[in-house]
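First up is the structure itself, then whatever we jot down about it.
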Amino acid sequence: MITLHHHPFCPQSRFIRLVLAEFGVEPTLVEERPWERRREFLLLNAEGATPVLSEESAPSVPGADVIAEYLDETRGLALGDRRLLPEEPLGRVEVRRLMRWFNVKFYAEASYLLVTEKIYKRYMNSRDGGGAPDMDAIRVARANLRYHLRYIGYLAGTRSWLAGDKLTYADLAAAAHLSCVDYLGDAPWNESETAKAWYARIKSRPSFRPLLNESLPGVSASASYADLDF
């Protein structure tokens, strides 16, 4: 049995949920609010960040990229042609490069800012940084999104999928971050029709359905969020 400690709108947590769904694994989900620094959660991951995966009688596996590698090593071969990390070394390098791009760079420059300002701060007390959204941070994130969407469009326009000929971790990482941005209505889809068409393919996959069915009390999803023909 797999347990995933996550937050529903943590982009890296969404990435791992997509990965598990592509593997055909339905985890037990435990929602965490990392800013609360719950003692039991810190014992699983001293960093105090989501996601964290755990299996019975095994140490916890913290961090999206580490979890992705762990799942490939323990279950990847069973997927055959649907494996999410290529077998050839250079192909693996490109997937890992793009995973880092989205889980680190895109996160820091866009999705983290938007999710923190528009969602997390609603639930944080003032001591932990809660309060009104910082509009300067939101404007910065929106400006950065245009650059990132153009880059996604470039990748999707020169390859079948972002990292090559097959769906990989790179596509799921990018889509997870964009799903949070899209929910909040901040995705500039008019920036790249190629990126938009790629995302439409991704969110039409069965693995995406649980994310599209989620909602947040007090924060309505954008009109495009669950629309497969947006």
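Does Pro86 qualify as being touching a helix residue (DSSP H, G or I) at 6+ places or on another chain (Cβ under 8 Å), within 26 Å of Glu22 (Cα to Cα) and in a loop (DSSP other than H, G, I, E, B)? Yes: the conditions hold for Pro86. Where strands (runs of 3 or more DSSP E) fall entirely within the stretch 1-65, those with at least 3 residues that are within 25 Å of Lys118 (Cβ to Cβ) and either under 18 Å from the mean Cα position of the chain (by Cα) or of a type in the set (Lys, Arg) (or both) are at 2-6, 28-31. Taking the stretch 109-206 as the region of interest, the helices (runs of 4 or more DSSP H) fully inside it that hold 3 or more residues being at pLDDT 95 or above and farther than 17 Å from Ser13 by Cβ are 135-158, 193-203. Hey, does the stretch 8-25 have a residue that's touching a strand residue (DSSP E or B) at 6+ places or on another chain (Cβ under 9 Å), touching a residue at least 12 places away in the same chain (Cβ under 8 Å), of a type in the set (A, V, I, L, M, F, W, C) and surrounded by fewer than 17 Cβ atoms within 10 Å (Cβ to Cβ)? Yes, some residue in the stretch 8-25 is touching a strand residue (DSSP E or B) at 6+ places or on another chain (Cβ under 9 Å), touching a residue at least 12 places away in the same chain (Cβ under 8 Å), of a type in the set (A, V, I, L, M, F, W, C) and surrounded by fewer than 17 Cβ atoms within 10 Å (Cβ to Cβ).
Looking only at residues of the stretch 93-151 that are touching a strand residue (DSSP E or B) at 6+ places or on another chain (Cβ under 8 Å) and of a type in the set (D, E, K, R), we find that the one that is farthest from Glu36 (Cα to Cα) is Glu94. Among the criteria (1) among the hydroxyl-bearing types (Ser, Thr, Tyr); (2) buried (at least 24 other Cβ atoms within 10 Å of the Cβ); (3) more than 13 Å from Phe102 (Cα to Cα), the one Tyr169 does not fulfil is (3). Cβ-Cβ distances below 6 Å connect the following pairs, each with a first residue in the stretch 134-163 that is farther than 28 Å from Arg122 by Cβ and touching a residue at least 40 places away in the same chain (Cβ under 8 Å), a second residue that is open to solvent by less than 40 Å² (accessible area, probe 1.4 Å) and among the acidic types (Asp, Glu), and a separation of six or more residues or different chains: Leu162/Asp171; Ala163/Glu94. Evaluated against (1) open to solvent by 20 Å² or more (accessible area, probe 1.4 Å); (2) closer than 26 Å to Ala195 by Cβ; (3) out of contact with any Lys or Arg (no Cβ under 8 Å at 6 or more places or on another chain), Ala78 falls short on exactly one condition, (2). The residue of the stretch 188-217 that is nearest to Ser160 (Cα to Cα), among those that are in contact with a Lys or Arg (Cβ under 8 Å, 6 or more places away or on another chain) and hydrophobic (A, V, I, L, M, F, W, C), is Ala195.
Could you list all residues from the stretch 119-142 that are of a type in the set (Lys, Arg) and either loosely packed, with under 12 Cβ neighbours inside 10 Å or more than 22 Å from Asp182 (Cβ to Cβ) (or both)? Residues satisfying the conditions are Arg127, Arg139.
Scanning the stretch 207-223 for residues that are open to solvent by less than 70 Å² (accessible area, probe 1.4 Å) and at pLDDT 95 or above yields Ser207, Phe208, Pro210, Leu211, Leu212, Ala221, Ser222. Applying the condition of being touching a helix residue (DSSP H, G or I) at 6+ places or on another chain (Cβ under 9 Å) and not aliphatic (A, V, I, L, M) to the stretch 60-75 and asking which residue is least open to solvent (accessible area, probe 1.4 Å) yields Asp72.
The values are calculated or read from the model by the stated rules, or taken from the named source; none is laboratory data. No experiment lies behind these values; they were computed from the predicted model shown. Positions of Cβ are backbone-derived with ideal geometry, glycine not excepted, and every protein chain shown enters the neighbour counts. Note: areas computed on protein heavy atoms with side chains; ligands, DNA, RNA excluded. Shrake-Rupley method; radii C 1.70, N 1.55, O 1.52, S 1.80 Å.
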